[in-house]
Ligand SMILES: [Zn+2]
């Protein structure tokens with residue numbers, strides 16, 4: 001791996017299951033699926049409902065509000081691309097629509113994050129990539 | 001009653017930094033050691049189950065090993081399920097001997113991760129994260145396990161001191177094992193002063209990276225009478241799975257270990273209180289406390305206090321990870337869990353010297369893979 005490659009953060013490669021989600025992110029929308037059969041929300045998007053295996057799913061845009069379900073302040077990055085960011089927060093976010101996803105809590109003092117804090121989704125632009133990344137900020 | 005399988009032979013290699021070792025040398029030493037320990041010849045082994053290797057990523061690792069040592073098994077498979085694999089090898093071997101397909105199954109693990117990979121190992125481990133939904137966020141394996149630790153502190157009052165007490169106890173146990181990777185005693189202050197990795201986990205809350213290998217031989221129950229050493233019976237085995245990625249886990253405080261332990265104890269016809277010593281996967285100090293409570297060995301919020309008051313010591317009320325565990329004995333990929341199985345067998349054979357748990361009759365071994373994703377519990381009994 002060249003030096004510049006090693007410093008590049010992993011970029012998601014959208015596939016047939018996830019294209020709507022990642023294209024939505026580029027347009028500032030947090031897209032998720034809700035099952036027409038059982039009514040439950042799911043993250044991440046799939047070709048079927050993981051709750052009931054139903055095949056009819058509708059895409060909806062989330063309101064973009066949630067709470068911190070848990071978090072960790074990372075002091076030792078797993079790969080060099082994140083080394084300059086430490087300490088950074090990796091968190092699990094429970095969205096109001098009833099699903100959980102992982103992201104960073106950005107634009108805040110890492111030590112200030114607590115379980116239960118309300119957050120809102122923002123879309124991060126990263127150097128060298130046209131893919132925007134869903135993240136959250138504290139409200 | 002079906003004929004219960006036994007463990008007829010065990011072996012583990014030296015662990016730590018073994019710069020001369022290779023994946024194959026560790027497999028060979030562990031495998032042949034276990035065969036010898038069981039009083040068998042290589043040609044007696046008719047089943048071979050191996051795990052996987054990071055340093056020597058083979059498509060057919062078992063086949064590579066069989067060719068290398070000149071073994072021609074009738075059944076051969078390699079299972080790749082992360083840290084839970086060691087338990088799964090034993091579980092599958094039990095099914096093979098109890099169905100009559102095999103008589104002696106070699107369950108074999110080993111990897112030279114420390115000297116073979118060095119710093120690269122952290123990046124390889126982080127690859128377990130989902131490529132679209134976790135890796136873009138810089139999730140390390142400690143950060144993933146820390147999500148549960150943080151939730152547990154919030155919900156059930158687990159503290160840094162509780163976790164540190166686990167690490168300190170296991171280092172003291174490792175000091176009593178001639179082969180342990182880390183034997184230098186540590187104090188509560190040492191754990192608290194060690195570098196933060198991913199809050200609340202500090203360096204001494206995290207397992208080691210070691211070179212090493214371990215193997216056990218699972219044999220048909222009636223082979224017990226021919227053995228040179230005390231046979232250990234496999235009384236019950238259970239597995240449990242709830243998710244792969246931590247953000248998909250239905251709970252941050254209960255995992256597949258709840259089912260795997262209940263199944264294994266149920267099959268054995270035993271209760272938690274019947275267990276004389278436990279050997280539970282401890283990739284992080286917090287993981288161990290959370291699993292003990294999820295499995296029902298302790299009530300919610302009580303395992304940490306038990307660690308602090310010394311209950312996990314070799315002469316304590318609940319002797320735990322008597323070899324020092326992944327935190328201090330060693331952690332070599334799938335072999336990490338197999339070290340626990342080997343130690344459980346040695347306890348029941350009363351071979352542990354100053355680590356010996358007095359009158360150990362029933363041992364409980366538990367392996368875990370992924371981020372609390374897959375679990376395997378094994379109940380072992382002295383015949
Ligand atoms: Zn559904």
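Miscellaneous remarks
- Among (1) in a strand (DSSP E or B); (2) closer than 21 Å to residue B:145 by Cα; (3) at the interface with another protein chain (Cβ under 10 Å from one of its Cβ atoms) - the single one residue A:136 does not satisfy: (3)
- Here is the figure for the range B:198-233: residues that are within 16 Å of the chain's Cα centre (by Cα) and under 15 Å from residue B:97 (Cα atoms) total 2.
- When residues in the range B:294-317 are screened for being outside any loop (DSSP other than H, G, I, E, B) and surrounded by fewer than 24 Cβ atoms within 10 Å (Cβ to Cβ), 3 of them pass.
- Residue B:62 falls short on exactly one of the conditions (1) within 19 Å of residue B:103 (Cα to Cα); (2) assigned to a loop (DSSP other than H, G, I, E, B), and that condition is (2).
- Screening residue B:54 with (1) part of a loop (DSSP other than H, G, I, E, B); (2) over 18 Å from the mean Cα position of the chain (by Cα) gives one miss only, at (2).
- Answer from B:8, B:25, B:21 - the residue that is under 24 Å from residue B:179 (Cβ atoms) and at pLDDT below 95: B:21
- Once the range A:1-18 is narrowed to residues that are closer than 14 Å to residue B:132 by Cα and surrounded by 12 or more Cβ atoms within 10 Å (Cβ to Cβ), the residue that is farthest from the ligand (Cβ to nearest atom) is A:9.
- Residue match in the range B:139-160 (condition: within 14 Å of chain A (Cβ to nearest Cβ), surrounded by fewer than 24 Cβ atoms within 10 Å (Cβ to Cβ), touching a residue at least 12 places away in the same chain (Cβ under 8 Å) and outside any helix (DSSP H, G or I)): yes
- Candidate set: the range B:238-270, residues that are without any contact (Cβ under 8 Å) to a residue 40 or more places away in the chain and under 23 Å from residue B:156 (Cβ atoms); chosen: the one farthest from the other protein chains (Cβ to nearest Cβ): B:262
- Residues of the range B:295-314 satisfying the condition of being in contact (Cβ under 8 Å) with a residue 24 or more places away in the chain and within 24 Å of residue B:378 (Cβ to Cβ): B:295, B:296, B:297, B:303, B:307, B:312, B:313, B:314
- Reported count of residues in the range A:66-94, each being touching a strand residue (DSSP E or B) at 6+ places or on another chain (Cβ under 7 Å), facing chain B (nearest Cβ under 7 Å) and without any contact (Cβ under 8 Å) to a residue 24 or more places away in the chain, is 6.
- Residue B:131 meets all of the listed conditions (1) within 14 Å of chain A (Cβ to nearest Cβ); (2) more than 23 Å from residue B:335 (Cα to Cα); (3) buried (at least 20 other Cβ atoms within 10 Å of the Cβ); (4) over 20 Å from the mean Cα position of the chain (by Cα) but one, namely (3).
- Residue within the range A:55-63 that is at the interface with another protein chain (Cβ under 10 Å from one of its Cβ atoms) and within 9 Å of the ligand (Cβ to nearest atom) present: no
- Tally, over the range A:26-48, of residues that are within 14 Å of chain B (Cβ to nearest Cβ) and near the ligand (Cβ under 9 Å from one of its atoms): 2
- Selected residue [in a helix (DSSP H, G or I), within 19 Å of the chain's Cα centre (by Cα), crowded, with 24+ Cβ neighbours inside 10 Å and modelled with pLDDT of 95 or more] from B:114, B:89: B:89
The values are calculated or read from the model by the stated rules, or taken from the named source; none is laboratory data. What you see is a predicted model; the values in this text were computed from it and never measured. Note that each Cβ is placed from the backbone with ideal geometry, even for glycine, and that neighbours are counted across all protein chains shown.
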